[in-house]
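Chemist: Quick one: the structure is below, questions incoming.
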Amino acid sequence: MIIVLKQNSTDKQIQHILDKIEEMGFRHDLSRGEKRTVIGIIGEEDKLREAPLKAIPGVDKVVPVLKPYKMASLEYQEDPSVFDLGFGVKVGGGNLMMIAGPCAIEGKDILHEIAMAVKASGANVLRGGAFKPRTSPYSFQGMGEEGLKILQEIGHELQMPVVTEVMDPRQVELIDKYTDIFQIGARNMQNFNLLKEVGSTKRPVLLKRGMSATVIDLLMSAEYIISQGNKEVILCERGVRSFDPSTRNLLDLAIVPNLRCLSHLPIVIDPSHATGRPELIPAMSLASVAAGADGVHIEVHSCPEMAKSDGPQALLPEQFDDVMKQMKQMAEMLGKTIPAPAST
Ligand code: PEP
Ligand code: MN
């Protein structure tokens, strides 16, 4: 539910309205626009329908949000969301988030080497998994906290925000100490307890689409996070399961304009997991930027044959450099910015 306030409402009136909403047992989200001030109200649907919101002095209109993903919807917010990711990097509203790094953190020297290379090429967010959701329990599961420490140290040294996956609600507190951005992996997109847990932090969340999730499922998962008070959700398409084994997954690039009609949240494309094939990644990265994505997510490794996870799909640093050069040109043509992290 959104309530639109009468024009020229004073701060005192607004505070009174917020107090009343709380008294009724709902949460609120105030946004003061140039033209109008609105308050989003979050609570159980049945109770909201019956609440006497229109009767509160100062309220002009009560507008129901019809979409099931309320705060993630364009009905709720028309302007594209823009989030600060740390070290001066932003995503959304014309700012591109260029995430690069290895699938897994494997050690300090190797991560340092890859991070230096991707930063020099223009990546503005460093990735690396410390807790890996592997299909086999006998595959490398990640370095855990030791890996998180390495990631944070290198992120600080290079002044780059870092993103790493959280797989379990019990890991949120630990990972929060080390990361700038949480990643929720495809396999956990509907782990609702995990979504609620990251929703009660203050860090941006990169939410990957489940491998058989619909676009609406993805938005409903974003809503879970937002409903807990954390509005900073970045959606990520990483391919869906298909009948065709010629690529690892099937990249749904139409999701970009599709989501633009539904939501104000930024959308990033991950052509690495979507295709699983390094030779396809440059074309799909460029196509993502051309389609209007708010960024790309690319796995890079300086020695893919030695990588402990997802080596076969990693780009070499020089291949990443080439595709970044092309993406920069594309971004410029479209009037978009790739914010450089604060210089060292
Ligand atoms: C990853 O980013 O390394 C990963 C495991 O991605 P996804 O959840 O999309 O499979
Ligand atoms: Mn991976």
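The values are calculated or read from the model by the stated rules, or taken from the named source; none is laboratory data. Computed from a predicted model, the values in this text were never measured in an experiment. Glycine gets a Cβ as well: all are built from the backbone with ideal geometry, and neighbour counts include every protein chain shown. With ligands, DNA and RNA removed, areas are computed over all heavy atoms of the protein, side chains included. Shrake-Rupley method; radii C 1.70, N 1.55, O 1.52, S 1.80 Å.
Chemist: Taking Cα pairs under 8 Å and at least six residues apart, what relative contact order does the chain come out at, in percent? Don't jump to the answer; show the numbers that get you there.
Modeler: Working: 714 pairs, mean separation 61.1, N = 344.
Dividing the mean separation by the residue count of the chain yields 18 percent.
Chemist: If amide H atoms are built 1.01 Å from N in the plane of the peptide, which residues on other chains or at least 5 residues away come under 5 Å of the amide H of ARG277?
Modeler: ARG248
Chemist: Ignoring ligands, DNA and RNA, what percent of the accessible area of the stretch 144-303 is carbon or sulfur (1.4 Å)?
Modeler: 51
Chemist: Carbon and sulfur together cover what percent of the accessible area of the stretch 1-125 at a 1.4 Å probe radius? Don't skip to the end; give the middle numbers.
Modeler: Details: 3180 of 6460 Å².
Carbon and sulfur together cover 49 percent of it.
Chemist: Taking square-rooted eigenvalues a ≥ b ≥ c of the alpha carbon gyration tensor, is the stretch 98-214 rounded, prolate or oblate, where a/c under 1.5 means rounded and, failing that, a/b exceeding b/c means prolate?
Modeler: Prolate is the answer for the stretch 98-214, as a/c is 1.5 or above and a/b outweighs b/c.
Chemist: Go from 0 up to the bin containing the longest alpha carbon distance in the stretch 1-90, width 5 Å each, and give me the % of pairs per bin.
Modeler: 3, 13, 25, 23, 16, 11, 6, 3, 1, 0
Chemist: To continue, here is another question. What lysines does LYS132 reach when the alpha-carbon gap must be under 21 Å and sequence neighbours fewer than 8 apart in one chain are set aside?
Modeler: In chain and number order, the partners are LYS108, LYS149, LYS177, LYS196, LYS208, LYS308.
Chemist: Okay, moving on. Per the helix-only calculation at 222 nm, which mean residue ellipticity applies to the chain, given -39500 (n - 2.57) for every DSSP H run of n ≥ 4 and division by its residues, nearest 500 deg cm²/dmol?
Modeler: -9500 deg cm²/dmol
Chemist: To the nearest 10 degrees, how steep is helix 281-290 against the longest Cα principal axis of the chain, on a 0 to 90 scale?
Modeler: Once rounded, the angle reads 30 degrees.
Chemist: Rounded, prolate or oblate: which one fits the stretch 83-333, using the alpha carbon gyration tensor with axes a ≥ b ≥ c (rounded when a/c is under 1.5, else prolate when a/b beats b/c, else oblate)?
Modeler: rounded
Chemist: Which order do GLU23, GLU299, GLU75, GLU157 take by accessible area at a 1.4 Å probe, largest first?
Modeler: Working: GLU23 135, GLU299 0, GLU75 70, GLU157 100 Å².
Highest to lowest solvent-accessible surface, that is GLU23, GLU157, GLU75, GLU299.
Chemist: Same structure, new question: For the chain, with the dipole built from +1 on Lys and Arg beta-carbon atoms and -1 on Asp and Glu ones, taken about the Cα centre, which of MET324, CYS303, PRO102 lies farthest toward the positive end?
Modeler: Highest projection toward the positive end goes to MET324.
Chemist: Same structure again: Can you tell me the accessible area per residue over the stretch 2-63, all protein chains present, probe 1.4 angstrom, in square angstrom?
Modeler: With the other protein chains kept in place, the stretch 2-63 gives 67 Å² per residue.
Chemist: Given a 1.4 Å probe and the protein chains all in place, what does the accessible area of LEU18 round to, in Å² to the nearest 10?
Modeler: 20
Chemist: Please calculate how many Å² of accessible area the stretch 227-344 carries per residue, with a 1.4 Å probe and no DNA, RNA or ligand atoms counted.
Modeler: 42
Chemist: In addition: Once each part is reduced to its C-alpha centroid, what is the distance from the stretch 87-141 to the stretch 245-262 in angstrom?
Modeler: Using only Cα atoms, the two centres lie 22 Å from each other.
Chemist: Which ³J(HN,Hα) values, rounded to whole Hz and listed in residue order, are derived for the stretch 110-117 from phi using the Karplus coefficients 6.51, -1.76 and 1.60 in 6.51 cos²θ - 1.76 cosθ + 1.60 with θ = phi - 60°, glycine and proline given as x?
Modeler: Computed from phi, the couplings for the stretch 110-117 are 5, 5, 4, 4, 5, 5, 4, 5 Hz.
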